[in-house]
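Step one of this worksheet: look at the structure below.
The values are calculated or read from the model by the stated rules, or taken from the named source; none is laboratory data. Not measured: the values here are computed from a predicted model. Ideal geometry is used to build each Cβ from the backbone, glycine not excepted, and the neighbour counts take in all protein chains shown. Areas reflect the complete protein model, heavy atoms only, side chains present, ligands, DNA and RNA absent. Shrake-Rupley method; radii C 1.70, N 1.55, O 1.52, S 1.80 Å.
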Amino acid sequence: MTCGASLLYLFALYIFVNPGIAVAQGSVEDDRNALIAFYDSTGGDSWRGNVYWKSDKPLDQWFGVFTDADGRVTELHLISNRLSGEIPAELGNLPKLEVLSFNDNRLTGQIPSELGNLVNLKVLWLGGNRLIGTIPAELGNLVHLEELSLHTNQLTGEIPTALE
């Protein structure tokens, strides 16, 4: 085994033994597809701000979208933007997302458990919507979460112990 192969093997073993380490997957195109699913699911044509959404423009030019140097989505800021409808599971396919800010809209349905895939998420603001059901236990996977806002919804049940 060469030195390079040995290092690669050790790194892979380290990741396997330390599953808390997040390795971002996907591509800019995958991020674009997740955002388009979100736009279509939440009445994007009726949003207050939707400049460049569903266009070929770089994602950081889309209203409310922020990206890193590689063009990967790191933040979504769409507070009071007339979002309506359900949050699609595809938002869980944004592995570099750190801030998801959807307070004060008209989002309905349940919080998708797939948001628990957003292992780099630090801020999750979903307050002031019309969300129902229980808080998914999968949100306990968000080990970097610093801020969680779920106020003024119609959520029921217990707060998952991993979020307490």
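Quickly estimate the mean residue ellipticity at 222 nm for the chain, helices only: each DSSP H run with n ≥ 4 gives -39500 (n - 2.57), and the total goes over all residues, rounded to 500. Present the calculation step by step, with values, prior to reporting the outcome.
Numbers: 2 runs with 29 residues, N = 164.
The per-residue figure over the chain is -5500 deg cm²/dmol.
Note the angle between two axes, namely the Cα long axis of helix 3-17 and the longest principal axis of the Cα atoms of the chain, as a number of degrees from 0 to 90, rounded to the nearest 10. Approximately 50 degrees, to the nearest 10.
Averaged per residue, the chain has 54 square angstrom of accessible surface, using a 1.4 angstrom probe with ligands and nucleic acids left out. A Cβ-based charge dipole, computed about the Cα centre of the chain with Lys and Arg at +1 and Asp and Glu at -1, lands at about 240 debye. Packing-based ranking of 147-157, 93-103 yields 93-103, 147-157, ordered from highest to lowest mean Cβ neighbour count within 10 Å. 5 Å is the cut-off here: which amide hydrogens, built 1.01 Å from N in the peptide plane, fall below it relative to residue 107, excluding neighbours closer than 5 in sequence? Under 5 Å from the amide H of residue 107: 130.
For the chain, dividing the convex hull volume of the Cα atoms by the residue count gives 114 Å³ per residue. Of 119, 51, 28, the residue with the greatest mean-square motion in the GNM of the chain, using alpha carbon springs below 10 Å, is 51.
Each of the peptides 135-145, 71-81 was scored by the mean count of other Cβ atoms within 10 Å over its residues; in descending order, highest first, they stand as 71-81, 135-145.
Neighbours of residue 94, meaning other residues whose beta-carbon lies under 11 angstrom from its beta-carbon, give a summed charge of -3 when Lys and Arg score +1 and Asp and Glu score -1. So for the stretch 40-115, what percent of the C-alpha to C-alpha distances run longer than 15 Å? Result for the distance tail: 57 percent.
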